[in-house]
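The values are calculated or read from the model by the stated rules, or taken from the named source; none is laboratory data. This one's a predicted model, so the numbers in the text were calculated from it and none came from an experiment. Cβ sites come from the backbone with ideal geometry, for glycine too, and all protein chains shown count toward neighbours.
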Amino acid sequence: MHFDAFDRYHEKESFVHRLDPRVKVVVTIVFIISNALLPDGAWLAFVLAWLFLLMANLLSRLGVAYTFKRSLVALPFALIAITVLFSIPGKPVGSFSIAMWNFVITDAGLLRFVSILIRSWLSVQIALLLVAVTRFPDLIHAFEHLRVPAILTTIVAFLYRYLFVLTDEVFRLLRARESRSAGTAGKRPGGGVLWRARVAGNMAGQLFLRSYERSDRIYNAMLSRGYTGHLYTLNPHEMKSRDYYVTAFAIAIIFIVQMIGRL
Amino acid sequence: MHYSPVPMHIPDGFLSLVVSVICWITSASIIGLAISKTNKALGERQIPLMGIMAAFIFAAQMINFPVAGGTSGHLLGGALAAIVLGPWAGMLVMTAVIAVQGLLFQDGGLLVMGANILNMGLLTAAVGYGLYRSASIRSNKIKLGVAGIAAWLSVMTGALLTSLELWLSGTSQLQVVIPAMLGVHALIGLGEAMITVSALAFILRTRPDLLGEESESAKGGGGWIWVGGLIALAVVLFSPLASTDPDGLNRVAADLGFLGNAQSGAGPLAGYTLPFLAFTSLGKIGAGIIGIIVVGAVILLVGRGMKAKA
Amino acid sequence: MPISHATPSFVAPECEGDVLQVRDLHFSYPDGHAALHGVSLKLCNGDKVALVGPNGAGKSTLMLHLNGILGGHGEVEIGGQRITRDNLPSIRAMVGLVFQNPDDQLFSPTVFEDVAFGPLHMGLPEADVRARVTSALEAVRMSAYKDRLSHHLSVGEKKRIAIATVLSMNPSILVLDEPSAGLDPRARRTLINLLRELPITMLVSTHDMALVKELFPRTIVMDEGRVVADGLTMEILEDAELLTAHGLEKP
Amino acid sequence: MPISHATPSFVAPECEGDVLQVRDLHFSYPDGHAALHGVSLKLCNGDKVALVGPNGAGKSTLMLHLNGILGGHGEVEIGGQRITRDNLPSIRAMVGLVFQNPDDQLFSPTVFEDVAFGPLHMGLPEADVRARVTSALEAVRMSAYKDRLSHHLSVGEKKRIAIATVLSMNPSILVLDEPSAGLDPRARRTLINLLRELPITMLVSTHDMALVKELFPRTIVMDEGRVVADGLTMEILEDAELLTAHGLEKP
Ligand SMILES: Nc1ncnc2c1ncn2[C@@H]1O[C@H](COP(=O)(O)OP(=O)(O)OP(=O)(O)O)[C@@H](O)[C@H]1O
Ligand SMILES: Nc1ncnc2c1ncn2[C@@H]1O[C@H](COP(=O)(O)OP(=O)(O)OP(=O)(O)O)[C@@H](O)[C@H]1O
Ligand SMILES: [Mg+2]
Ligand SMILES: [Mg+2]
């Protein structure tokens, strides 16, 4: 219950919140694919895509900079791409040396590096927006409608439901361990690495058993409410004409951005 | 708040469309197979079991232990999931975990999710299970030892495949990305191995029936030993080769059409991101088809909108 | 139908139209542990009965038999029907089982989906399902919570929703396993009022003797897989010898 | 050190050698929820104090401050030492924190390993560790359970082992979060006797007002992140107005 912080949904009354979740999922995916297709250095298209995002932010009443502020999550991964700065042949634009190595940054390398980061940064933002304006259970429904196998969506629904229960459990376990992680004056506390690893493994094993046995109880609870192996759900969603128009409009805009990017 | 234990969740933007799509197709086919297999094996109990197990893996990834100098060991869980639930169920469980991490926490992208599922879910489960299965009739000590090696190798395999995908996408250089990823993951894999082994030891002591002859874990066919063994062997042989002779791989990749010739110095950079679709005649046809699809989709949607209730 | 009493003065009330009857029920878990050794009991229409006894007495095990989740030797009749494989679905609609931990009971992401689960699996048409959900939530006074996510609720709220999930199946008997565990006094009070108002036959296992005294005219005491007493709560709570013999206390 | 009282007649007992002192403690969770709004309290050597209040009052949050797991604004002194980063290990050896759910506390496969965790982490030599485990298990009368798997114990047994896991660290204060929740009357009685006998300063949060009355001479009432009363249990339990105002009930 305390890990509500895991929920990324922002309760607001807005046009975007009210859209059918399918619309939001499809537009998000199309937008991300379009980003992947934009060539390096398509600056105008990048800017337009960003404007598209800002507009979506505004329409969701989250504030213009909502996704912008949270969009740096993928940045650490950029390290992986840093080598393109030096490895792509081109005009040198700068250099520095660490120890005995001399690194030369090329213009082509810089172009590629910055393009990768922008693509990633745009894609992360739309994904952030998606979960901020769609409740996760609705997202699951959307994927169900989009023909993702029911068994996967059901597993995900259970995962989401028990994520909170089990992470709370883990945090209580970690707290209990922490509160007994004491020391005495003059002795080195903590035990050996192997011992600590074993304690962590015991915690994982403990959690596994409890989860496994819990799944039995849940299965019993399901049985006693008539479950026989098939899951039935009511369809809470219906595509309205507004939903179709918005999808068409968004796809058209993304397509135009794509064309501009390739001119 | 959420901590991702392994630097293997690729975000969107770092893989090219072609690599992403190929990974999606591969993952989707394996997942499809896994679904039909688990349906048969587990029956009606499968849904709550796998759902809770997915939540378990997610939560267990937060268990850490201090190593030294502020770093800590973590669990990724692919091998553990496959060993306790059997390979197919383990794969589905890992798929759900990675999907939620990407979807809800942007821990890994959506277009590249196929790749993330393949690297961290399907492959780790196959390698982890295959190797473990080869020792599953031995004594507990041997079983646990092999499980440790399996867990370590599963992480290494995932890291290797991740490196290859990054390289094929033109995001990173082979000489750099392979040693970097494998180096980091050799350590991460140690944490993985230690936690996996002691978690299994815990289960063997408290509920041996879950890992015994009759359990799901023992039911995977002997073919898994081959699958796991061969993949593991490939890693062991391939990674030194790849880091010492990257040019050879470059040539192969270029021949297969993955890489533009940018690597060798000439040619347009766009070849990196769009090897099939940019600036070639094939690319122009592809772009044309995409255009037609988009226009068609827009018209169809507008038509549907006019029919639907306001 | 012999009932073994610690003190033979208690007599189970006679009644017409028994909604639940258990005769000489034996059960062992797969690991060989024998949890029930010949349990017999009977519930009349409208009865509100407490089931007490120390940890491990077999209370939860018995409850799992009442809608056929476990199947031991002996007879369990619900509304005059013996439980068989074929009538399992209809038995499960008649016996509403609420588990101790509401987190095990509320497995769907939203409150609505959870309360709708039972009716949907009974094959009811959509309009009926919605009507049942609405009235079940009203009965536990949680109508405003329909679209909430289960994991955002407090324990007391979860408990009430858990009861709604079985009320939506219109059961003729409500079987509750330790409903007041872990509730603070205020939430416990709300629950007591709720249980008092629900016009339905009830079998409630609990360790909360104050709850027993306040709410249930009749009490069944179990220990070591047997019914050791069955009678008026007033009388049982006065029998100090019986209580200490089975690890119970007067509130 | 002003203590806000609902009824100003309660006065916190004066004492020498206070083992625990909290001054004006404020704390907000990362999500912005303010759980403590200026809590002050003092425990004397040998005190056995109950901490009561409705769900969400901040009892558990306060307890997590007492050995530095959470760190809010304000002062927490244990045995005269302010908690800082550096003395955290020794503070944790002094304050034994037992969580509500014994399953959270017992993460090792066997009882022995669990009770040995604290001493091992403190870097004690093996012989000392064994001696401490033995005496801690004796204190909770569970010596026979040393090699049992924790997973298979009953709740009451787990609870006692959980207490042993901190006793083995020779704490000078025992802080227990809802120790009687989920216990059957017999196990609860065993626990009460155990707590009564342990010759150690204690702060115990609970919803079990009967336990409060029976065991603790002094009671602290919290609500909405504040101490609203602190005084003799006898007097607090007589103050009907105070009790209803904070969702409590007389046992
Ligand atoms: N799945 C199981 N496998 C084996 N033994 C079990 C299982 N579940 C319960 N038992 C055992 O059966 C006996 C009866 O258990 P049960 O849960 O019915 O008791 P209870 O009266 O509900 O106790 P409590 O008050 O603690 O809930 C106990 O000895 C218990 O250890
Ligand atoms: N990790 C957390 N993040 C955010 N808020 C929290 C967290 N833990 C507790 N809270 C909130 O802080 C407040 C105090 O909680 P706390 O657990 O201290 O109450 P309590 O008095 O122990 O209640 P209970 O009797 O239910 O155990 C509550 O409103 C609770 O919702
Ligand atoms: Mg029970
Ligand atoms: Mg608390």
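Within the range D:61-73, if we keep just the residues that are within 10 Å of another protein chain (Cβ to nearest Cβ) and assigned to a helix (DSSP H, G or I), the residue that is nearest to ligand 4 (Cβ to nearest atom) turns out to be D:M63.
Filtering the range C:125-138 to residues that are more than 9 Å from every other protein chain (Cβ to nearest Cβ) and crowded, with 19+ Cβ neighbours inside 10 Å leaves C:R132, C:V133, C:A136, C:L137. The set of residues from the range D:182-234 being farther than 23 Å from D:L36 by Cα and basic (K, R) comprises D:R186, D:R188, D:R189, D:R196, D:K213. Here is a list of conditions, (1) assigned to a helix (DSSP H, G or I); (2) farther than 30 Å from B:A193 by Cα; (3) at the interface with chain B (Cβ under 9 Å from one of its Cβ atoms), and A:V257 meets all of them except one; can you say which number that is? The single condition A:V257 does not satisfy is (3). Residues that are touching a Phe, Trp or Tyr at 6+ places or on another chain (Cβ under 6 Å) number at least 2 in the following helices (runs of 4 or more DSSP H) confined to the range A:1-73: A:43-59. How about the range A:174-208: which of its residues are aliphatic (A, V, I, L, M) and surrounded by fewer than 19 Cβ atoms within 10 Å (Cβ to Cβ)? Of everything in the range A:174-208, those that are aliphatic (A, V, I, L, M) and surrounded by fewer than 19 Cβ atoms within 10 Å (Cβ to Cβ) turn out to be A:L174, A:A185, A:V193, A:L194. For the range A:144-186, a tally of residues being over 23 Å from the mean Cα position of the chain (by Cα), part of a loop (DSSP other than H, G, I, E, B) and at the interface with another protein chain (Cβ under 7 Å from one of its Cβ atoms) returns 6. Exactly one residue among D:L149, D:L167, D:L183 is in contact with a Ser or Thr (Cβ under 7 Å, 6 or more places away or on another chain) and either surrounded by fewer than 18 Cβ atoms within 10 Å (Cβ to Cβ) or touching a residue at least 24 places away in the same chain (Cβ under 8 Å) (or both), and that residue is D:L149.
Conditions (1) hydroxyl-bearing (S, T, Y); (2) part of a helix (DSSP H, G or I), marked per residue:
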{"position": "D:D86", "(1), (2)": "no, no"}
{"position": "D:G96", "(1), (2)": "no, no"}
{"position": "D:S108", "(1), (2)": "yes, no"}
{"position": "D:V115", "(1), (2)": "no, yes"}
{"position": "D:P119", "(1), (2)": "no, yes"}
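Taking the range B:64-136 and the helices (runs of 4 or more DSSP H) fully enclosed by it, the elements with 1 or more residues that are within 23 Å of B:M194 (Cβ to Cβ) and over 12 Å from the mean Cα position of the chain (by Cα) are at B:78-85, B:87-105, B:123-133.
Criterion applied to C:F117, C:F99 was being aromatic (F, W, Y), within 16 Å of ligand 1 (Cβ to nearest atom) and within 14 Å of chain A (Cβ to nearest Cβ), and the one residue passing it is C:F99. The number of residues in the range D:23-60 being surrounded by 19 or more Cβ atoms within 10 Å (Cβ to Cβ), in a loop (DSSP other than H, G, I, E, B) and away from ligand 4 (no atom under 16 Å from the Cβ) comes to 1.
Count of the range D:116-128 residues, restricted to those that are touching a residue at least 24 places away in the same chain (Cβ under 8 Å) and of a type in the set (A, V, I, L, M, F, W, C), is 3. Looking at the range A:121-143, is at least one residue more than 26 Å from A:L62 (Cβ to Cβ) and either assigned to a helix (DSSP H, G or I) or among the basic types (K, R) (or both)? Within the range A:121-143, not a single residue is more than 26 Å from A:L62 (Cβ to Cβ) and either assigned to a helix (DSSP H, G or I) or among the basic types (K, R) (or both).
Looking across the range A:195-254, the residues that are touching a residue at least 40 places away in the same chain (Cβ under 8 Å), more than 8 Å from chain B (Cβ to nearest Cβ) and of a type in the set (A, V, I, L, M, F, W, C) come down to A:V246, A:A250, A:I253, A:I254.
Quick one: which of C:I69, C:I78 is over 30 Å from A:P236 (Cα atoms), surrounded by fewer than 24 Cβ atoms within 10 Å (Cβ to Cβ) and hydrophobic (A, V, I, L, M, F, W, C)?
So the residue among C:I69, C:I78 that is over 30 Å from A:P236 (Cα atoms), surrounded by fewer than 24 Cβ atoms within 10 Å (Cβ to Cβ) and hydrophobic (A, V, I, L, M, F, W, C) is C:I69.
Return the residue satisfying two criteria in turn: it lies in the range C:162-193 and is aliphatic (A, V, I, L, M) and part of a helix (DSSP H, G or I), and of such residues it is nearest to ligand 2 (Cβ to nearest atom). Of everything passing the filter in the range C:162-193, C:A187 is nearest to ligand 2 (Cβ to nearest atom). Take the conditions among the aromatic types (F, W, Y), modelled with pLDDT of 85 or more and out of contact with any Ser or Thr (no Cβ under 6 Å at 6 or more places or on another chain) and apply them to A:W43. Does it pass? Considered against the rule, which asks whether it is among the aromatic types (F, W, Y), modelled with pLDDT of 85 or more and out of contact with any Ser or Thr (no Cβ under 6 Å at 6 or more places or on another chain), A:W43 comes out as yes.
At pLDDT 90 or above, over 15 Å from D:R218 (Cβ atoms) and either out of contact with any Ser or Thr (no Cβ under 7 Å at 6 or more places or on another chain) or within 16 Å of ligand 3 (Cβ to nearest atom) (or both): does that describe D:I69? Outline the logic, then answer.
Details: at pLDDT 90 or above: yes; over 15 Å from D:R218 (Cβ atoms): yes; either out of contact with any Ser or Thr (no Cβ under 7 Å at 6 or more places or on another chain) or within 16 Å of ligand 3 (Cβ to nearest atom) (or both): no.
Considered against the rule, which asks whether it is at pLDDT 90 or above, over 15 Å from D:R218 (Cβ atoms) and either out of contact with any Ser or Thr (no Cβ under 7 Å at 6 or more places or on another chain) or within 16 Å of ligand 3 (Cβ to nearest atom) (or both), D:I69 comes out as no.
Tell me the residue from B:L168, B:L164 that is within 13 Å of another protein chain (Cβ to nearest Cβ), more than 21 Å from B:A99 (Cα to Cα) and surrounded by fewer than 24 Cβ atoms within 10 Å (Cβ to Cβ), please. Unique residue meeting the criteria: B:L164.
Would you check which residues across the range C:152-161 are touching a residue at least 40 places away in the same chain (Cβ under 8 Å) and either within 16 Å of ligand 2 (Cβ to nearest atom) or closer than 20 Å to D:A181 by Cα (or both) and list them? Within the range C:152-161, C:L153, C:V155, C:K158, C:K159 meet the criteria.
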